[in-house]
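The values are calculated or read from the model by the stated rules, or taken from the named source; none is laboratory data. As the structure is a computational prediction, the values presented were derived from the model and not from experiment. A quick note on method: Cβ atoms are made from the backbone with ideal geometry, for glycine too, and the neighbour counts reach across all protein chains shown.
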Amino acid sequence: MESGNNFESTAVRTKALWRPRTRRVALGLGGMVLLGIVVFLLCIGRWLFAEDPLEKAQAIVVLSGGMPLRAREAAKLYREGWAPKVWLTHSTEPGATLGAMGIIYISEDAYDVQVLMHEGVPLGAIRLLQPAIVNTADEIAAASGALREEKGSSVIIVTSKVHTRRVRILWRRLAAGRGKAVVRGASDDPFDPGRWWRTTGDALDVVREVLGILNAWAGLPLRPAS
């Protein structure tokens with residue numbers, strides 16, 4: 001009987017010893033997870049902003065959005081002599097939907113043309129790429145197709161800073177073997193890679209880009225809504 005009591009006492013003491021150890025392990029793991037989240041939040045903005053070194057190219061491609069910052073950056077690169085042409089992508093929306101309602105809409109690319117000309121790019125150096133685009137993947141296809149058509153070896157793609165990483169990934173995935181893309185973020189873009197969480201606009205951009213990159217890595221299973 002005494003030996004049974006000793007065994008029970010030992011088991012109770014062992015449990016009592018393991019409880020604080022288990023608690024310490026759980027706290028340690030929780031701390032590591034929290035640290036990982038903090039590091040992710042601090043670094044993800046800088047990781048998303050991924051520019052390539054500038055080099056001479058066939059053309060400068062202005063992706064849709066970010067008006068007028070992207071067009072102004074393209075004009076600056078044109079004036080500096082990095083490429084002799086500027087290519088614009090364009091979307092039929094919301095122009096098509098508004099047109100069906102009898103509402104006149106001037107497209108974004110039409111404004112981009114005006115910005116480019118205002119900044120010193122002659123009209124003859126500007127080309128509107130076909131076909132119309134819906135998303136970044138379409139823009140990559142249009143730019144790489146134009147590059148192959150003109151038998152060029154590289155283009156400079158101008159976009160927003162937060163969008164640069166995804167553009168690079170999509171070019172490698174969708175335009176491999178069709179030439180090189182030098183991806184640049186608009187220098188006047190106010191996105192702050194080191195403190196992106198301070199504004200709702202930057203935070204939403206980061207979330208969208210992370211989801212877009214995950215979609216690209218997964219093989220683009222998610223398509224734009226029709």
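What to note about this one:
- Among the residues here, Leu222 qualifies as aliphatic (A, V, I, L, M), outside the structural domain of Glu73 (by TED's automatic domain parsing) and under 17 Å from the mean Cα position of the chain (by Cα).
- Residues considered: Thr97, Thr164. Of these, the only one that is loosely packed, with under 15 Cβ neighbours inside 10 Å, part of a helix (DSSP H, G or I) and among the polar types (S, T, N, Q) is Thr97.
- Matching option when the condition is in contact with a helix residue (DSSP H, G or I) (Cβ under 9 Å, 6 or more places away or on another chain), free of Cβ contacts under 8 Å to residues at least 24 places away in the same chain and surrounded by fewer than 20 Cβ atoms within 10 Å (Cβ to Cβ), among Ile104, Ile44: Ile104
- Scoring Leu116 on the criteria (1) without any contact (Cβ under 8 Å) to a residue 60 or more places away in the chain; (2) farther than 14 Å from Val61 by Cβ leaves a single failure, condition (2).
- Qualifying residues in the range 189-217 (those that are closer than 24 Å to Pro68 by Cα and polar (S, T, N, Q)) - the one surrounded by the fewest Cβ atoms within 10 Å (Cβ to Cβ): Thr200
- For Leu214, the test of being assigned to a loop (DSSP other than H, G, I, E, B), modelled with pLDDT of 90 or more and hydrophobic (A, V, I, L, M, F, W, C) is failed.
- Any hit, the range 142-161, residues being β-branched (Val, Ile, Thr) and farther than 18 Å from Ala74 by Cβ: no
- Of the criteria (1) closer than 13 Å to Ala50 by Cα; (2) among the aliphatic types (A, V, I, L, M); (3) over 16 Å from the mean Cα position of the chain (by Cα), which one Ala181 fails: (3)
- Residues of the range 119-139 satisfying the condition of being within 14 Å of Glu93 (Cα to Cα) and either among the hydrophobic types (A, V, I, L, M, F, W, C) or in contact with a Lys or Arg (Cβ under 7 Å, 6 or more places away or on another chain) (or both): Ala132, Ile133, Val134
- Among the conditions (1) more than 30 Å from Gly152 (Cα to Cα); (2) acidic (Asp, Glu); (3) outside any loop (DSSP other than H, G, I, E, B), the only one that Asp192 does not satisfy is (3).
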